[in-house]
Amino acid sequence: MQSILKNVHHPSTTFKICSRNFILNNCNNNNNSNLTINRTFFSKLFGSKKDNDENSGTSKKKKTTLGSAIKGGKIEKLQNGFNWSNLKNNDEIKTAIYSIGVNHQGQLGLGDWKSESTLVFNEQFIEYSVKSLKSTFLHSCAFTNDNDMLTWGANFNLQIGHKYGSNTSIFPNFVESSPYSVKVTNFSKSDVIGGSIGGWSSFAITKDQITKQNSIYCWGNNQHGQLGIGTLLNIQTPNKILFKDDNLDQNQNQNQNQNQNQNQNQNNNKYNSNNVKKISNGLYHTLFLFNNGKILSCGKSDDGQLGISFPNNNNNNNKTPDIKLPVPSNLLDKFKMIDIEAGYFHSIGLNENGDIYQWGKGKLRYSDDNDLQLSPFSQKNDYDNNKKLNNVIYKINGIPINEKVIQIGAADNLSMALTDNGKLYKWSSINENENEDENDNSSITAELVEFPQFNNEKINKFALSNTHAAVAFNESPNEICVWSLRDDFALEKKFSKSMFATILPINNNNYNNIKRFTLPTDHKVTDISVGTHFLILLANKIN
């Protein structure tokens, strides 16, 4: 390491990793419109991206969005920081990304590995117009309006799907701290129209630009068959999934353009890639929702999360098998689902009548430092020794019948549902006091989520992880509220000590477990993603 530092020594080199440099011109309401902090440590030590690098996975043409006004990204005072109204050409930046929290493995996408205790404007995304975000344990992704999929963060389990590591990585095969296109090096002639990330695995739904046929790709950890490719092998780069009707349709697709409306109902009932409506994956299992409302699933099954009936499934002595290919979730045959979400060890679905159902149970174990490694080999279900009635489908009660569910979400032993009245409801996957019955009478009661910090405002978006949850509001479109889902993270602080970082501030050992964040007034929060101790949000310009 000393030899490396000797080679990059320069009078202007900043060796304080805690500082993030930026140049802010015409973007500050104060008179001090030019603020420069030299930041050359990372670029000299690990190199910088080259626009003409064929293997970089990024766009070759570099957009001049601010005329070199922004070079770094940290904004100490958001209200006096980036504003669309202060730009000379305020149409060139389409969306704004902000990040906060732990960043030891580049999961914030800021181009380095320094954790942040305040929301940071992310200049890495200036050239992109982002549509939505997703985050999980240690990696994140963004779907863009030009149908690309960008991933970044930890890659120790091959979860970011990059064929070549960029030259800004500490270890190109293991960590990527900048957004990086999966599309460019894997399916450049297709548009990414959807996808999912969870645990240590990722999925993309693509549409061929010429044939207009869809394909499903997967990559990452596969120790329980959650990738659905028929093996337990991990996959470094996107691998195509074939459903049972895909092979039957390959020869028909070439002549399908002339008869697209013919036998439409019959086509919609096929289990093929064209009919995949949504994918959602948890730690070790994956759900595929089809246009006909049916679900295929694969991966770990012994927590009931696949919705598959096994003989003697409630007998603790009989371990259910890993499912390596997507198969019908036969316990859900009577439902027509319109939305699904995979939690860590359970799953939920919203049917066409507006009812929510849950299958599976579980919560992460937090007993020693091994449980904090966020590795696919260390995450255990604390309920494994007590599981029973895994064949049960639970109906979620407690949501008023006059409120329509518009969003559902699931994480570690927790699920949430948002209604069109702006109300948020929650329930645990494990509740020993709930009614459990294999005769279709099982239920779980949801409860309203209320905090004084909500100011009785209507919620329009939420996100959750194993550590935090966050919401955005209708009345205050430039604000979000974040709260912790566990007490004070005592176990993390015990073992991480001074390296512990999280989203909400810790002052004098007092943990603030809920906080409201405010962006500039010309921002409208349009999406939020929450990972383990980190958060990324997307904002659009208010017209």
- Message: Checking the structure you have, find out if any residue of segment 372-392 is within 28 Å of Gly531 (Cβ to Cβ), among the small types (Gly, Ala, Ser) and either open to solvent by 30 Å² or more (accessible area, probe 1.4 Å) or at pLDDT below 95 (or both).
- Response: yes
- Message: If Arg365 meets every condition in (1) closer than 23 Å to Ala154 by Cβ; (2) open to solvent by less than 30 Å² (accessible area, probe 1.4 Å); (3) in contact with a strand residue (DSSP E or B) (Cβ under 8 Å, 6 or more places away or on another chain) apart from one, which number is that one?
- Response: (2)
- Message: Give me the strands (runs of 3 or more DSSP E) completely within segment 486-543, filtered to those with at least 2 residues that are modelled with pLDDT of 90 or more, closer than 24 Å to Gln105 by Cα and not hydrophobic (A, V, I, L, M, F, W, C), ordered by residue number.
- Response: 523-531
- In the set Thr231, Thr185, the lone residue that is at negative phi, open to solvent by 40 Å² or more (accessible area, probe 1.4 Å) and out of contact with any helix residue (DSSP H, G or I) (no Cβ under 6 Å at 6 or more places or on another chain) is Thr231
- All but one of (1) more than 21 Å from His224 (Cα to Cα); (2) touching a residue at least 24 places away in the same chain (Cβ under 8 Å); (3) in a loop (DSSP other than H, G, I, E, B); (4) hydrophobic (A, V, I, L, M, F, W, C) hold for Ile401; which doesn't? (2)
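Being touching a residue at least 24 places away in the same chain (Cβ under 8 Å), open to solvent by less than 70 Å² (accessible area, probe 1.4 Å), within 21 Å of Val449 (Cβ to Cβ) and part of a loop (DSSP other than H, G, I, E, B) is true for just one of Gly354, Gly349. Which residue is that?
Numbers: Gly349 fails: part of a loop (DSSP other than H, G, I, E, B).
Exactly one of Gly354, Gly349 is touching a residue at least 24 places away in the same chain (Cβ under 8 Å), open to solvent by less than 70 Å² (accessible area, probe 1.4 Å), within 21 Å of Val449 (Cβ to Cβ) and part of a loop (DSSP other than H, G, I, E, B), namely Gly354.
Could you pull out the residue among Phe310, Phe290 that is at pLDDT 90 or above and either aliphatic (A, V, I, L, M) or surrounded by fewer than 24 Cβ atoms within 10 Å (Cβ to Cβ) (or both)? Give the steps one after another, and end with the answer.
Values: Phe310 fails: at pLDDT 90 or above.
Every option except Phe290 fails the conditions.
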- Message: When the residues of segment 121-153 are narrowed to those that are of a type in the set (Gly, Ala, Ser) and out of contact with any Pro (no Cβ under 9 Å at 6 or more places or on another chain), which ends up nearest to Ala463 (Cα to Cα)?
- Response: Ser135
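The values are calculated or read from the model by the stated rules, or taken from the named source; none is laboratory data. Remember, predicted model here, so these are calculated numbers, not experimental data. Because the Cβ atoms are built from the backbone with ideal geometry, glycine has one as well, and the counts that use them run over all protein chains shown. The protein model used for the area step is the full one, side chains on, heavy atoms only, and it has no ligands, DNA or RNA in it. Shrake-Rupley method; radii C 1.70, N 1.55, O 1.52, S 1.80 Å.
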